[in-house]
Amino acid sequence: MTVVSLIAAGPGDPELLTLRASALLAAADTVVCDADSVELARVAAGPDSEVTVAIDDDGLPLAHRDRAKLVAEHANAGRRVVRLLSGDPVIDGSLPIEVEALTTEQVEFEIIPGVSTLNGVPAYAGFSLTGGRAREIAVIDANDTDINWEIHARPRVTLVVQNGADRAADLAAELIKAGRPSWTPIAITRAGTTIDQRTIVSTLVDIPKVLKSAKQSGPGLVVIGEVVLQREMMSWFETKPLFGWRVLVPRTKEQAASLSEQLRGYGAVPVEVPTISVEPPRTPQQMERAVQGLVTGRYEWICFTSTNAVRAVCERFATYGLDARSFAGLKVAAIGEQTAKALVEFGVTPDLVPSGDQSSLGLLEDWPEYDALVDPINRVFLPRADIATETLVAGMKERGWEVDDVTAYRTVRAAPPAAEIREAIKTGGFDAVLFSSSSTVRNLIGIAGKPHATTVIACIGPQTASTAEEHGLTVDVLADKASVAVLAENLAAHGDSLRLAALEAGEASWRPSRRRPASRRRAT
């Protein structure tokens, strides 16, 4: 009989899944999950996995007996089944209920525990559960109607309260009444380990008014005790420079992969929105002749100005059954870190990447003069977009080279993004937008509208910034170097300065989308 894997979803961050849990989810035929772990299931499950939510026709959670029947149905059909339980079922008591129901259905199972909410959320909030005078940990559920508050009023005890976020004021009152000092620190963390995490820190006596001013609600974990003071030293998650920022990246997922990963490292939530669509040239004969010439030794150099150009040549190679060995004896130039990376992934190491600006002008500064004694061939293959400028070709010709400027692909404006994305762009739902070229500025505004006045505008270079200003935008961040990685780094520094300024001013949030001034000066 198929063994069902019972996996704890954990506190929220999908990267906290254990290696074992990740492997099982990726290999599962069916993942049966709770409603609040659907997103995690879809992220972690394999591309062919079926994700089934354990809810009824009215969207309400199924009883544990019915969940077990659903799991058993898939298991008895010979499928590899993962039951993804939300939160921490080992702690909250739901695990034995699920196991009992599966046993009744005669379904074999294995248990895959994960990172506990009890240690994961405090770690992300910036404190441990012991240390200093705290030597004991007590865990209670706020829904319990029979709590001995005098036991938990001892000062050496760290009290962890599940389901207590919305009852924190009442909990504080009970503890003070039982003899716990009124100055005892208390922390309330909602959406722990996710980019929506928010931690409120106060004392038992002050928490009612702090909660009222914070205007937050919903489930969360409450920790009471001196350990909360460790947050001043250990806070690391909510202090990331772009923590919780929604950053619009006007690039395709393929182009934005490394940039988005970098932004996530800064705590941001990148949202990729393609502004162009890449299509083959209308007449492929020119490209075919150039590739044939590359193989037969017509060129001394091939110069790639974008990852799209690399992809176009590689795809043409594939149609002829060629690979990276055909570049043997050919000098290769690349503009930009991502272009060079794409070549390396294909098996080709560029001979020349601009030492300065990653642009046509930057490449020309390093481009060699043609020397008949050194270079047996004076011809360059330049596969580019149909809208490329003549700067690079003109500069190469001035240096004595003949250039085959070949249209390798066409760029057309992409279709408009989803309505909710367009609305967020225009109403300030994004905290920042990263523009990596003038065309991304024009195309984004063309398909989705102008970013809201509160949105931070970050541009990769002066030309892109000029285009943004021509469209009425104020540029907040200009990259120190024409590199998307540097652009993201500069945005993070800008975000950190906003965070520190907000803290000094006593403001609760430094996210631009949460701060709505009456107006903002725009460029004229």
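The single condition among (1) under 22 Å from the mean Cα position of the chain (by Cα); (2) open to solvent by less than 20 Å² (accessible area, probe 1.4 Å) that E420 does not meet is (2).
Specify which of the listed residues (Q216, Q292, Q230) is surrounded by fewer than 19 Cβ atoms within 10 Å (Cβ to Cβ) and either outside any helix (DSSP H, G or I) or touching a strand residue (DSSP E or B) at 6+ places or on another chain (Cβ under 7 Å) (or both).
Working: Q292 fails: either outside any helix (DSSP H, G or I) or touching a strand residue (DSSP E or B) at 6+ places or on another chain (Cβ under 7 Å) (or both); Q230 fails: surrounded by fewer than 19 Cβ atoms within 10 Å (Cβ to Cβ).
Of Q216, Q292, Q230, the one residue that is surrounded by fewer than 19 Cβ atoms within 10 Å (Cβ to Cβ) and either outside any helix (DSSP H, G or I) or touching a strand residue (DSSP E or B) at 6+ places or on another chain (Cβ under 7 Å) (or both) is Q216.
Counting just the residues of segment 325-349 that are farther than 26 Å from Y370 by Cβ and not in a loop (DSSP other than H, G, I, E, B), which one comes out least open to solvent (accessible area, probe 1.4 Å)? Let's see the steps before the verdict.
To start, the set of residues in segment 325-349 that are farther than 26 Å from Y370 by Cβ comprises 325, 337-338, 341-342, 344-347.
Within this subset, residues satisfying the condition of being not in a loop (DSSP other than H, G, I, E, B) are 325, 337-338, 341-342, 344-346.
Details: R325: 187, E337: 89, Q338: 51, K341: 98, A342: 24, V344: 84, E345: 140, F346: 55 Å².
Per the criteria, the residue is A342.
Taking G120 as the residue in question, decide whether it is open to solvent by 50 Å² or more (accessible area, probe 1.4 Å) and either modelled with pLDDT under 90 or not acidic (D, E) (or both). No; evaluated as a whole, the condition is false for this residue. Pairs meeting the criteria (first residue in segment 274-288 and in contact (Cβ under 8 Å) with a residue 60 or more places away in the chain, second residue in a loop (DSSP other than H, G, I, E, B) and open to solvent by 60 Å² or more (accessible area, probe 1.4 Å), beta carbons under 8 Å, at least 6 apart or on different chains) are S277/A415; P281/D386.
Scanning segment 139-160 for residues that are open to solvent by less than 30 Å² (accessible area, probe 1.4 Å) and either among the hydroxyl-bearing types (S, T, Y) or modelled with pLDDT of 95 or more (or both) gives T158, L159, V160.
L175 meets each of the listed conditions (1) under 14 Å from S128 (Cα atoms); (2) open to solvent by less than 10 Å² (accessible area, probe 1.4 Å); (3) not hydroxyl-bearing (S, T, Y) apart from (1). Among residues that are without any contact (Cβ under 8 Å) to a residue 60 or more places away in the chain, open to solvent by less than 40 Å² (accessible area, probe 1.4 Å) and not in a loop (DSSP other than H, G, I, E, B), C303 is not included. Of the listed requirements (1) open to solvent by 10 Å² or more (accessible area, probe 1.4 Å); (2) over 29 Å from W183 (Cβ atoms); (3) in a helix (DSSP H, G or I); (4) of a type in the set (A, V, I, L, M), V271 misses just one: (3).
Name the helices (runs of 4 or more DSSP H) wholly within segment 1-99 that hold at least 2 residues that are touching a Gly at 6+ places or on another chain (Cβ under 7 Å) and surrounded by fewer than 18 Cβ atoms within 10 Å (Cβ to Cβ)?
The qualifying helices (runs of 4 or more DSSP H) are 19-27.
Quick check: is even one residue across segment 372-385 at pLDDT 85 or above, surrounded by fewer than 20 Cβ atoms within 10 Å (Cβ to Cβ), under 22 Å from Q292 (Cβ atoms) and acidic (D, E)? No - not one qualifying residue is present in segment 372-385. Residues in segment 410-445 that are touching a residue at least 60 places away in the same chain (Cβ under 8 Å), assigned to a helix (DSSP H, G or I) and of a type outside the set (V, I, T): A424, S439, N443, L444. For segment 405-416, filtered to residues that are under 14 Å from T305 (Cβ atoms) and open to solvent by less than 50 Å² (accessible area, probe 1.4 Å), the residue that is modelled with the lowest pLDDT is T411. Is segment 356-368 home to any residue that is within 30 Å of D476 (Cβ to Cβ), without any contact (Cβ under 8 Å) to a residue 60 or more places away in the chain and buried (at least 18 other Cβ atoms within 10 Å of the Cβ)? Within segment 356-368, one or more residues are within 30 Å of D476 (Cβ to Cβ), without any contact (Cβ under 8 Å) to a residue 60 or more places away in the chain and buried (at least 18 other Cβ atoms within 10 Å of the Cβ). Evaluating T407 against the criteria (1) polar (S, T, N, Q); (2) closer than 20 Å to R298 by Cβ; (3) without any contact (Cβ under 8 Å) to a residue 60 or more places away in the chain leaves one unmet condition, (3).
The single condition among (1) outside any loop (DSSP other than H, G, I, E, B); (2) open to solvent by less than 40 Å² (accessible area, probe 1.4 Å); (3) touching a residue at least 40 places away in the same chain (Cβ under 8 Å) that F237 does not meet is (1).
Looking at segment 131-192, what strands (runs of 3 or more DSSP E) fall wholly within it and have at least 2 residues that are free of Cβ contacts under 8 Å to residues at least 24 places away in the same chain? Before you say what the answer is, go through the steps one by one.
Working: elements: 136-141, 157-162, 185-190.
Because the criterion is at least 2 residues that are free of Cβ contacts under 8 Å to residues at least 24 places away in the same chain, the strands (runs of 3 or more DSSP E) in segment 131-192 that meet it are 136-141.
Specify which of the listed residues (G93, G87) is out of contact with any helix residue (DSSP H, G or I) (no Cβ under 9 Å at 6 or more places or on another chain) and closer than 23 Å to P122 by Cα.
Numbers: G87 fails: out of contact with any helix residue (DSSP H, G or I) (no Cβ under 9 Å at 6 or more places or on another chain).
Sole residue among the options that is out of contact with any helix residue (DSSP H, G or I) (no Cβ under 9 Å at 6 or more places or on another chain) and closer than 23 Å to P122 by Cα: G93.
The values are calculated or read from the model by the stated rules, or taken from the named source; none is laboratory data. This one's a predicted model, so the numbers in the text were calculated from it and none came from an experiment. Note that each Cβ is placed from the backbone with ideal geometry, even for glycine, and that neighbours are counted across all protein chains shown. Side chains are part of the model used for accessible areas, which takes the heavy atoms of the whole protein and leaves out ligands, DNA and RNA. Shrake-Rupley method; radii C 1.70, N 1.55, O 1.52, S 1.80 Å.
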